[in-house]
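What follows is a short report on a single structure.
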């Protein structure tokens, strides 16, 4: 028996499953800091979205067990992760990120998680081993400040596949603690991709000039002293604070600002470093460059032939209740979003909670997710018209069952359909 009570055989099976999951992730960036309050989660969110904006497939994992911030910053508060058997289905953020956080598992935002080290290690391993990440170019991990259980657990589990992005502010009171974080990485054998100096100066909202209210250059000096790359400095912008509180990520909302450009420059350095190191990044079956290409789905299920032979990438939305295809489109509790490749093979499945149902809201919302085909039991004629205006095809009359099976049968031309259950 192992010290955790597992048999050797079970541990070997777990290790193999973890290895298989990690083998589908090109590179992992663990965002760390030895100091709290330096904007580490803000950096993690905006790096992840900047990577996704380059057409890369990106996962964002929040391993801050006691104080998860990612759901709030992405406007996902109150939403819950899906579960399929023993696997966790990540939340898909507007077709850009696959997101997992403890904050998407607890019942209430004010519910504390009171755990000791072994429990935290186990849940972090679950996040890495049992989440249906699919093929990712990058997995960005937001770790809590310090060098305790959470970053240590991640580092021990995936250090040979990861590198650290370390965040500091310019002041010495921060860089002293952040230096310990660099030493921590060296002791773990975790490569340091570089240091980011956050809150480096202040962008005046009136004149646009940059003022050094927190001093400047501490991060760059630390990087030089510790012998690690300096990735760049991000000035403090009041809109960064506003975007975090409102759940509207900064680099998506304020794309032309100086701070957004700095994030893009940092990501350019990170990706250039990985490419120059010949990192073997598995390309996903579909990227944002070709995701808009679609096949023309049949108007009904069976007898239509194998439409995958027509080529193209598809994203399906299937309305569900309790994980099953529901018969009335407007009554669903979650949408199964299912990606397929040009060979008609399912490559990713995620569940997202829709916004509050209002007439006319779901068609543009699902179109924003990149959906180009809906399979439903029933849908009103007005809703079908609105989806057609968004360029989204609709198949009605599907029977209750597993969403994935409905998509696979549709692609093979064997989906059995009946009457539209809410044709009005």
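Readers should treat all values here as calculations from the given coordinates under stated rules, not as data from a laboratory. Since this is a predicted model, take the numbers as computed values, not measurements. Every residue, glycine among them, receives a Cβ derived from its backbone with ideal geometry; neighbour counts consider all protein chains shown.
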- Message: Sort 225, 21, 54, 27 by Cβ crowding within 10 Å, fewest neighbours at the top.
- Response: 225, 54, 21, 27
- Note on the structure: Site residue 416, offset 7 angstrom along Cα→Cβ, radius 11 Å on amide nitrogen, limited to segment 369-402, gives 399-400
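So for segment 126-187, Kirkwood radius off the Cα pairs, Stokes-Einstein at 25 °C and 0.890 mPa s: how many µm² s⁻¹?
186 µm²/s
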- According to the square roots a ≥ b ≥ c of the eigenvalues of the Cα gyration tensor, what is the shape class of segment 307-412, taking rounded for a/c under 1.5, prolate for a/b larger than b/c otherwise, and oblate for the remainder? prolate
- From fewest to most C-beta neighbours within 10 Å, the residues 150, 221 line up as 221, 150
- Query: Between residue 381 and residue 176, what length in nm is gained on full extension when 0.36 nm per residue of separation is reduced by their alpha carbon distance?
  - Reply: 67.4 nm
- Going 7 Å from the Cα of residue 268 toward and past its Cβ, which residues in segment 169-201 have a backbone nitrogen under 20 Å from where you end up? 193-200
- For labels at residue 341 and residue 105 in the simple 7 Å Cα→Cβ model, what's the distance in nm? 3.0 nm
- Query: If r is the Cβ-Cβ distance from residue 390 to residue 122 and R0 is 45 Å, what FRET efficiency results, to the nearest 0.05?
  - Reply: 0.55
- Within 10 Å of each residue's Cβ, count the other Cβ atoms and sort 101, 381, 259 from fewest upward. 381, 259, 101
- Note on the structure: Rounded to whole angstroms and listed largest first, the alpha-carbon spread of segment 8-276 along its three principal axes comes to 61, 38, 38
- Query: Whole number please: convex hull volume per residue of the Cα set in segment 130-247, in Å³?
  - Reply: 140 Å³
- C-alpha center-to-center spacing [segment 315-351, segment 182-213] in angstrom: 40 Å
- Name all residues of segment 320-360 having a backbone nitrogen under 15 Å from the label point set 7 Å from the Cα of residue 368 along its Cα→Cβ direction, giving them as ranges. 352-360
- Message: Run the numbers for residue 353 and residue 400: contour at 0.36 nm per residue of separation, minus the present Cα-Cα distance, in nm.
- Response: 15.0 nm
- Task: Would you please classify the overall shape of segment 29-72 from the alpha carbon gyration tensor, given that a ≥ b ≥ c denote the square roots of the eigenvalues, rounded means a/c under 1.5, and beyond that prolate means a/b larger than b/c while oblate covers the rest?
- Result: prolate
- Of the DSSP beta bridges with both residues in segment 324-410, give the percent that are antiparallel, rounding to the nearest 5. 65 percent
- Inter-label distance for residue 224 and residue 161, nm, one decimal - labels placed 7 Å from Cα along Cα-to-Cβ: 3.7 nm
